[in-house]
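S.K.: Below is a structure I'd like to ask you about.
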Amino acid sequence: MGEKVAAYGIDLADRERYRRKLHECLEGLGRLLSEKRFDRPRNLMGLEIELNLAGADGLPRMMNSQVLERIASHDFQTELAQCNLEVNILPHRLSGRVLDQLAEELRTGLGYAERKAREVAARIVMIGILPTLHADDLTAASLSENDRYVLLNDQMRAARGEDFALDIQGVEHLVSHSPSIAPEAACTSVQLHLQVTPGRFAAVWNAAQAIAAVQVAVGANSPFLFGRELWRESRPPVFQQATDTRPPELQAQGVRPRTWFGERWIDSAYDLFEENLRYFPPLLPLCDPQEPLRVLDEGGVPDLAELVLHNGTIYRWNRPVYAVTDGVPHLRVENRVLPAGPTVADVIANTAFYYGLVRALAEEPRPVWTRLPFSAAASNFDTACRYGIDATLQWPRGGRAGGLTELPAVRLVRTELLPLAARGLDAWGVEPADRDYYLGVIEERCRRRANGASWQAAAFHHARRQGLDRHAALAAMTRRYSELMHTGQPVHTWPVAWPVGDRAAVTVPRQATTGGG
């Protein structure tokens, strides 16, 4: 969403031409698939992380343009609000010491960005939702200086026809209204990309959908918004409601929201792009001069620009991606489930768990999605968002009996899914020492029932017991989180109790994990 576009008036002719181009793009995609024009498998993965800017006081800082000017790297870009940044890691081949390489690149990049941010009295905070955000921090005036964000906001407001409403009942109840989509910017995530061939796309996407709940359960890190304690992973309900262009009447009719888990397993990447056209009206009808079918007729590869743009305004938790690199088209599954943070070690542990597990499940002779109803996968996702590491999930029984059973997420991960993830990482050719270290972080989280969300909630209540009011406790907890984040030690090792008034340097003992590394 960071590319520059010109915000100009849109009339009916623009929309009619865009709709025509969208259908031509979909036809072009179908032809590319049938002609087997896609890139061969290269085991490539990519990583993006959205970040927050806060001050030494823990409060948000609306100054991404100043920070980006100092960073001066194409690896860092704007995100929706001025308190957000995004860092992009170049694609890597999934093999060897890739996990440690990713960790080192992230530590180096984030360390550099932190030094530059401090030049303007800001800090980099890697967290799902910055706990100190207030509703007044996220307004149309706080959107980043990017014409595309302005146009997207205008079009979503027009489609909605009234204020966007947040109404989330969690540990506490939050009700908030906004005339803009700016509250969406509260949600900062990790996006994991995996390039796949068309023949493997459906298996990888289905596997990613099946494990989305498990990813959330072990990786939850977003329990607070606007001063209220909500779900353990509050990003999904916040994002859905903050981007919901449906007025209440369309919601009552069952019209699908633009932030969407989905409703079925698929047989092809084409299924998802076709659904996007069938269910969702265009928001940004900006036409590219390229005529996709003419390009195909002449033996070329079209950019399918309108299809790509439309796809970017539909927020699936596992999104299909079409792109062209060096004249060759490819497909990716973009996993958008995970919140940012808490530390580089935690992010890479989540990354290892995902890539290992999705590889193993996609290659099983009896795929999990043939035994798990899609409705159960969707219900699991909702449950994991609500309860995080304490969630109980539905999962297929082993053996011939079939059917579903209910298991605590931590038991499911430790007894069944971690061994599968290890097998998947072996299939990618990942170094065993890296495999054991990062999967060991996931195992220790499950053993201790501790992740970013549970730490934030416990630390907040600790600060309250020390006599701080709600907002002071959130600020103190955020400062403590930032200090511990920069130690680099995984979140399950973080102590909850600390002298709330003590801002001294923090030391955390080297954590012990199972396995090598």
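S.K.: I'd like to know if segment 35-48 contains one or more residues that are open to solvent by less than 60 Å² (accessible area, probe 1.4 Å) and either assigned to a helix (DSSP H, G or I) or of a type in the set (Val, Ile, Thr) (or both).
M.R.: No, there is no match, as no residue in segment 35-48 is open to solvent by less than 60 Å² (accessible area, probe 1.4 Å) and either assigned to a helix (DSSP H, G or I) or of a type in the set (Val, Ile, Thr) (or both).
S.K.: Pro432 is checked against (1) of a type outside the set (Phe, Trp, Tyr); (2) exposed (fewer than 14 other Cβ atoms within 10 Å of the Cβ); (3) within 30 Å of Ala376 (Cα to Cα); (4) in contact with an Asp or Glu (Cβ under 9 Å, 6 or more places away or on another chain) and fails just one. What number does that condition carry?
M.R.: Single failed check for Pro432: (3).
Table: residues versus (1) in contact with a Gly (Cβ under 7 Å, 6 or more places away or on another chain); (2) over 26 Å from Val171 (Cα atoms); (3) touching a residue at least 12 places away in the same chain (Cβ under 8 Å); (4) assigned to a helix (DSSP H, G or I).
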{"position": "Gly341", "(1), (2), (3), (4)": "yes, no, yes, no"}
{"position": "Tyr354", "(1), (2), (3), (4)": "no, yes, yes, yes"}
{"position": "Leu361", "(1), (2), (3), (4)": "no, yes, yes, yes"}
{"position": "Leu372", "(1), (2), (3), (4)": "no, yes, yes, no"}
{"position": "Thr405", "(1), (2), (3), (4)": "no, yes, no, no"}
{"position": "Val410", "(1), (2), (3), (4)": "no, no, yes, yes"}
{"position": "Thr415", "(1), (2), (3), (4)": "no, yes, no, yes"}
{"position": "Gly424", "(1), (2), (3), (4)": "yes, yes, yes, yes"}
{"position": "Asp434", "(1), (2), (3), (4)": "yes, yes, yes, yes"}
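S.K.: Please go through segment 448-482 and give me each residue that is without any contact (Cβ under 8 Å) to a residue 40 or more places away in the chain and not in a loop (DSSP other than H, G, I, E, B), ordered by number.
M.R.: Ala458, Ala459, His461, His462, Ala463, Arg464, Arg465, Ala472, Ala473, Arg480
S.K.: Search segment 321-331 for residues being closer than 18 Å to Gly30 by Cβ and not β-branched (Val, Ile, Thr), and hand back the single one that is surrounded by the most Cβ atoms within 10 Å (Cβ to Cβ).
M.R.: Among them, the one singled out is Leu331.
S.K.: Filter segment 69-91 down to residues that are more than 20 Å from Ser482 (Cβ to Cβ) and touching a strand residue (DSSP E or B) at 6+ places or on another chain (Cβ under 6 Å) and give me whichever is surrounded by the most Cβ atoms within 10 Å (Cβ to Cβ).
M.R.: Checked segment 69-91; the qualifying residue surrounded by the most Cβ atoms within 10 Å (Cβ to Cβ) is Gln77.
S.K.: Still on this model: Any chance you could count how many residues in segment 177-194 are surrounded by fewer than 20 Cβ atoms within 10 Å (Cβ to Cβ) and without any contact (Cβ under 8 Å) to a residue 60 or more places away in the chain?
M.R.: So the answer is 2.
S.K.: List every residue pair whose Cβ atoms lie under 6 Å apart, where the two residues are 6 or more positions apart in sequence or sit on different chains, the first residue falls within segment 233-250 and is hydroxyl-bearing (Ser, Thr, Tyr), and the second residue, located anywhere, is part of a helix (DSSP H, G or I).
M.R.: Close Cβ pairs (under 6 Å, with a partner that is part of a helix (DSSP H, G or I)) amount to Thr243/Glu184; Thr245/Met156; Thr245/Ala159; Thr245/Arg160.
S.K.: Now, a different point. Residue check, Ala121 against (1) part of a helix (DSSP H, G or I); (2) on the phi > 0 side of the Ramachandran plot, all met but one. Which one?
M.R.: (1)
S.K.: Hey, another quick one. Name the single residue that is farthest from Asp382 (Cα to Cα) among those in segment 151-168 being open to solvent by 60 Å² or more (accessible area, probe 1.4 Å) and touching a residue at least 60 places away in the same chain (Cβ under 8 Å).
M.R.: Restricting to residues being open to solvent by 60 Å² or more (accessible area, probe 1.4 Å) and touching a residue at least 60 places away in the same chain (Cβ under 8 Å), the top hit is Asp154.
S.K.: What's the total number of residues in segment 98-150 that are of a type in the set (Phe, Trp, Tyr), touching a residue at least 60 places away in the same chain (Cβ under 8 Å) and open to solvent by 10 Å² or more (accessible area, probe 1.4 Å)?
M.R.: Of the residues in that region, 0 qualify.
S.K.: Restricting to segment 284-295, name every residue that is open to solvent by 10 Å² or more (accessible area, probe 1.4 Å), among the hydrophobic types (A, V, I, L, M, F, W, C) and over 13 Å from Arg31 (Cβ atoms).
M.R.: Of everything in segment 284-295, those that are open to solvent by 10 Å² or more (accessible area, probe 1.4 Å), among the hydrophobic types (A, V, I, L, M, F, W, C) and over 13 Å from Arg31 (Cβ atoms) turn out to be Leu286, Cys287.
S.K.: Sticking with this structure for a sec: Find the residue count for segment 358-416, including only residues that are open to solvent by less than 30 Å² (accessible area, probe 1.4 Å), closer than 22 Å to Pro237 by Cβ and among the aliphatic types (A, V, I, L, M).
M.R.: So the count comes out to 7.
S.K.: For the subset of segment 296-320 comprising residues that are of a type in the set (Val, Ile, Thr) and open to solvent by less than 30 Å² (accessible area, probe 1.4 Å), which member is nearest to Trp265 (Cα to Cα)? Explain how you work it out, then say what you get.
M.R.: Of the residues in segment 296-320, the ones of a type in the set (Val, Ile, Thr) are 301, 308, 313-314.
With open to solvent by less than 30 Å² (accessible area, probe 1.4 Å) added as a condition, the list becomes 313-314.
Working: Thr313: 21, Ile314: 18 Å.
So the residue we want is Ile314.
S.K.: Let me ask something else about it. Among the listed residues Thr243, Thr197, which satisfies the condition of being at pLDDT 95 or above and open to solvent by 10 Å² or more (accessible area, probe 1.4 Å)?
M.R.: Being at pLDDT 95 or above and open to solvent by 10 Å² or more (accessible area, probe 1.4 Å) holds for just one of Thr243, Thr197, which is Thr197.
The values are calculated or read from the model by the stated rules, or taken from the named source; none is laboratory data. Model, not experiment: these values are computed from the prediction. Counting neighbours? That spans all protein chains shown, and the Cβs are built from the backbone with ideal geometry, glycine included. Heads up: the accessible areas ignore ligands, DNA and RNA and are worked out on the full protein's heavy atoms, side chains in. Shrake-Rupley method; radii C 1.70, N 1.55, O 1.52, S 1.80 Å.
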